[in-house]
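Structure first, then comments.
The numbers here are math on the coordinates, done by the rules we state, and not lab data. Quick caveat: nothing in here was measured; it's all calculated off a predicted structure. Ideal geometry is used to build each Cβ from the backbone, glycine not excepted, and the neighbour counts take in all protein chains shown.
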Amino acid sequence: MSEKKYRDARKQAGIKPELAAVKLDVSIATLLNWERGVTKPNANNVRDMALLYGVTSDYLLGIT
């Protein structure tokens with residue numbers, strides 16, 4: 001599941017949800033909804049998360 005990867009990548013990067021939300025320019029609720037699988041981030045959000053967390057977009061999407 002991609003949502004688990006979103007949370008795991010953020011935690012591995014040592015970034016708190018509040019900081020990630022600010023850096024990604026989304027609300028904390030939006031970020032947590034992505035991590036819970038309630039909603040899905042768009043392609044730009046996935047790219048931005050990958051850059052922020054130091055992983056690939058493919059990893060976040062569960063491709064690799």
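Just a few scattered comments:
- Residues within the range 1-22 that are among the basic types (Lys, Arg) and loosely packed, with under 13 Cβ neighbours inside 10 Å, tallied: 2
- Any chance Val22 is within 11 Å of the chain's Cα centre (by Cα) and without any contact (Cβ under 8 Å) to a residue 24 or more places away in the chain: no
- Selection within the range 23-64: residues that are among the hydroxyl-bearing types (Ser, Thr, Tyr) and in a helix (DSSP H, G or I). The member of this set that is surrounded by the most Cβ atoms within 10 Å (Cβ to Cβ) is Tyr53.
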